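Enquirer: Mind having a look at this structure? Questions to follow.
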Amino acid sequence: MTGNRPSLGARATDELGKARALVRSMRNSLPSGQAAQSLPSGRAAQSLPSGHQSLPSGRAAKALWLVPTLVLVACGRGNPSAAGSGADGPPASQGEGEGEDRSEGEGEGEDRGEGEGEGDDVEPRCPDASYVEDLSAADADVDALERSYAPSAWDSTALALLQARYPVGRYIIDETRSGGFDCLEDFTSAEDRADFSALARSLSTSVHECGHGLDFERGGFDRALYVLRADLVFDLPVLDTFPLREIHQYTNDDDFYADTYLAGAIGDQFFDSLMEEFTQYVNSLMVAAAMNDQYDRDGGVSERDGILTFMLYLEVYLQHARVHDGATYERILSNAEWREFLLTVWGRAELALSRTAGMEFLGINDDDIESRMRSPDLTGEIDRVRERHGCADLLSP
Ligand SMILES: [Zn+2]
C-alpha cells in the first residue's frame, strides 16, 4: 500500500510533538524544584547533540526525548522491577513466561516452524524461537462495549477493551499511570475519543508511549530496563555504545523513520534507546493485531512498518558495530543478558508479525522493509547473536 505515505513521517514526528507537549505540561505541573531533584543536574541539557560524548552512557541521553517527559515518573523509580529478572540473572530470564501456550495457530508461519516439533533438541532453543505469549484473548467479543460506547466514558472503555483483547497493554497503562504519568490521557486525542473504533485504533500508540514511560519509571537513568510483560522484565546494565546517527547512512530515501530516530537529538542516543523504541513498536503491533477488526480494510497505517524498521535498525546497528567498532560489538555480544534480551524481543516481534501476516491494511511500505530486513546479509547478524548465545536451532536460511 502506498496511498498514505506521509502518515509515516507524521506518525514519527507526532510522537515527538506529543512528547514535547507532555514535557511542558508535566513541568508546569511539577511542584517547584521537583524536576531538578529527579534529574541529576544538567543531564538533560548534556544530552543535547554537542554533549553526548561526555555522558557515561546512553541512558541519560534518553532524557532528551523520553525522559524529560517523564520527570514525574522518574521520582518513583526506587522500586525498579516487579518481576525483576535481575541484573545478574542467567540467560534464562524469561522464566515463568515459558509455560504459556503460544495460543494462535497462525503464529507458526515463516521460518519459525522448523524447531517446533523437536522439543528435545540437544542444543538449547534460542530465546526468539522459544518465545511464547498468551494471546488467547485476541478474539474476545467486544460488541457490548462498542454498542454502549459513549465518548465521555472513553477512558474506562479503553481500559476494558485492552483488558478484553490484550491484557499486557492494559497492564502497561495501569502501571505507568500508577507512577503518576497519565499516558493514556496524554496520548489520546479528542478525535480518538469520538468513536469506539477510533479509540481502539489509538491504543497501539497509547500502549507504545506508556511503555516508554514505564521503562523509564522503573529503570531511570542508570539501568536499561524493559518491561515486556508483567512477568517478563529485563533489567540490564547500560553499555557504552555509539550513537544511533552512525547508522543513518545505511537507510533508504523512503525510510520515513530515519530522520526522526537516527538524526537530530534522538540520533545522539545509544543502543539502549534503539532497543527501547524497538520494544515499544512490538507493543504497537501487538495491540494493533488485537484491535485489527477496528481498522479500515482499505486504508494503510504504519503499524507493521514500525516494527520491521526497528528489526532492520537492530541488524544494521550490529553489523556496523561488528565491522567498524569491534569494542562496542563485543560489549553487546559478550553480555549474556543483553543477548537474551535481543533475541527475546526479536521473537516477540516475529510473533507480532506472524499474527498480522496478510493484514495489508496494517502496513504501508512493510513488504519492502521486510524484504530488506530478511536479506541474508542482515539476518546473519541475528544468527551471530544466536551462535554466541549457544543456541543454533533457528539460524536464518
Ligand atoms: Zn516511541
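Enquirer: What is the fewest-to-most order of Ile173, Ile307 by other Cβ atoms lying within 10 Å of their Cβ?
Expert: Ile173, Ile307
Enquirer: With 10 angstrom as the radius, rank His248, His389, His212 by how many other C-beta atoms surround their C-beta, starting from the fewest.
Expert: In order of increasing Cβ crowding within 10 Å: His248, His389, His212.
Enquirer: Suppose each label sits 7 Å from its Cα in the direction of the beta carbon; what would the Asp143-Gln163 distance come out to in nanometres?
Expert: Output for this residue pair reads 2.1 nm.
Enquirer: To continue, here is another question. Run the quick spin-label model on Asp377 and Ala263: label points 7 Å from Cα toward the beta carbon, then report their separation in nm to one decimal.
Expert: If labels sit at Asp377 and Ala263, their model points lie 2.2 nm apart.
Enquirer: Tell me the Kirkwood radius of the range 132-246: reciprocal of the mean inverse pair distance over distinct alpha-carbon atoms, in Å.
Expert: By the Kirkwood definition, the hydrodynamic radius is 15.4 Å.
Enquirer: Which GluC sites (Glu not before Pro) does the range 291-397 hold that lie in a coil by DSSP with at most 12 other beta carbons within 10 Å?
Expert: Passing sites in the range 291-397 do not exist.
Each value in this text was obtained by applying a stated rule to the coordinates, not by laboratory testing. A quick note: this is a predicted structure, and the numbers were derived from the prediction, not measured. Positions of Cβ are backbone-derived with ideal geometry, glycine not excepted, and every protein chain shown enters the neighbour counts.
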